[in-house]
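Beneath this line is the structure, given in structure tokens, with notes to follow.
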Amino acid sequence: MSKLKELKKAKKEENGFDFTYVFLGIAVLFVLGIIYFAFFAGGGGIDTAKIVDDDPVKGNTNAKVTIVEFSDFQCPACGAMYPVLKQLDAEFSDRVKFVYRDFPLTSIHPFAQKAAEASECADKQGKFWVFHDKLFENQQNLAISDLKQYAVDLGLDSGQFNQCLDSGEFANEVAKDAADAQSLGATGTPTFFINGFRYSGMSFEQFKQVIDRELAK
């Protein structure tokens with residue numbers, strides 16, 4: 001190969017290399033821009049009405065701040081977040097609306113689906129939150145027999161509860177919550193939406209900062 005051809009080949013390879021990285025850089029910036037404007041720009045976020053369904057609620061139903069949690073009763077990270085949420089509830093219950101939605105990760109948590117259904121059956125009897133607490137305080141014992149015993153312990157109508165759980169009455173409701181979580185970009189649990197902004201893995205102090213900021217708007 002002549003020296004001229006070698007120089008032309010080297011120049012061509014150099015140009016191809018440069019443009020590859022330029023295009024990759026543009027693509028990355030484009031994706032980051034979409035994420036930024038979808039979740040952070042302009043004070044916006046996802047409309048809370050699109051995140052909340054007919055799910056269990058506690059706190060101030062007319063609050064300025066709404067926290068929606070997508071969670072899994074068998075998830076260790078959700079269990080670790082449980083005391084943080086109890087602390088938030090104690091401090092902000094008069095100023096924040098808390099909403100719980102099901103997102104059982106059934107591929108890795110075999111007891112999560114029926115636990116979620118059981119919580120819905122408890123909600124049918126007006127006992128969601130005490131049942132919710134019972135499950136997170138007993139995460140290592142979520143077999144169907146355990147779920148039915150918790151219903152007895154908490155004073156639910158066990159016949160009605162057992163029929164509800166055994167029939168899979170709320171299986172579709174749980175599946176809808178999970179589908180909504182995925183459509184909103186949640187990939188793991190727990191995932192939170194605070195006034196339409198998505199968060200995960202925060203400490204009490206970090207939650208408090210976000211809530212205080214939203215309350216101040």
Q: With a/c under 1.5 counting as rounded, go ahead and sort region 92-131 into rounded, prolate or oblate using the C-alpha gyration tensor (a ≥ b ≥ c being the square roots of the eigenvalues; past the cut-off, prolate if a/b is larger than b/c, else oblate).
A: oblate
Q) Any idea of the accessible area per residue across region 142-211, 1.4 Å probe, to the nearest Å²? A) 45 Å²
Q) By its C-alpha gyration tensor, with a ≥ b ≥ c as the square roots of the eigenvalues, how is region 43-111 shaped: rounded for a/c under 1.5, else prolate for a/b larger than b/c, else oblate? A) oblate
Q) In whole percent, how big is the carbon plus sulfur part of the accessible area of region 99-217, probe 1.4 Å, protein atoms only? A) 48 percent
Q: For region 133-217, just say rounded, prolate or oblate: build the C-alpha gyration tensor, square-root its eigenvalues into a ≥ b ≥ c, call rounded for a/c under 1.5, and beyond that prolate if a/b exceeds b/c, oblate if not.
A: prolate
**Q.** At most 12 other Cβ within 10 Å, DSSP loop - GluC sites (Glu not before Pro), region 84-192
**A.** 137
Q: Round to a whole angstrom and tell me the spacing of the C-alpha centers of region 57-105 and region 142-217.
A: 8 Å
Q. Under a Cβ-Cβ cut-off of 11 Å, what is the net charge of the residues other than residue 134 that fall near it, where Lys and Arg count +1 and Asp and Glu count -1?
A. -3
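The values are calculated or read from the model by the stated rules, or taken from the named source; none is laboratory data. Remember, it's a predicted structure, so these values are computed and weren't measured experimentally. With ideal geometry, Cβ positions are generated from the backbone for all residues, glycine too; neighbour counts draw on all protein chains shown. Ligands, DNA and RNA are excluded from the accessible area calculation, which covers all protein heavy atoms including side chains. Shrake-Rupley method; radii C 1.70, N 1.55, O 1.52, S 1.80 Å.
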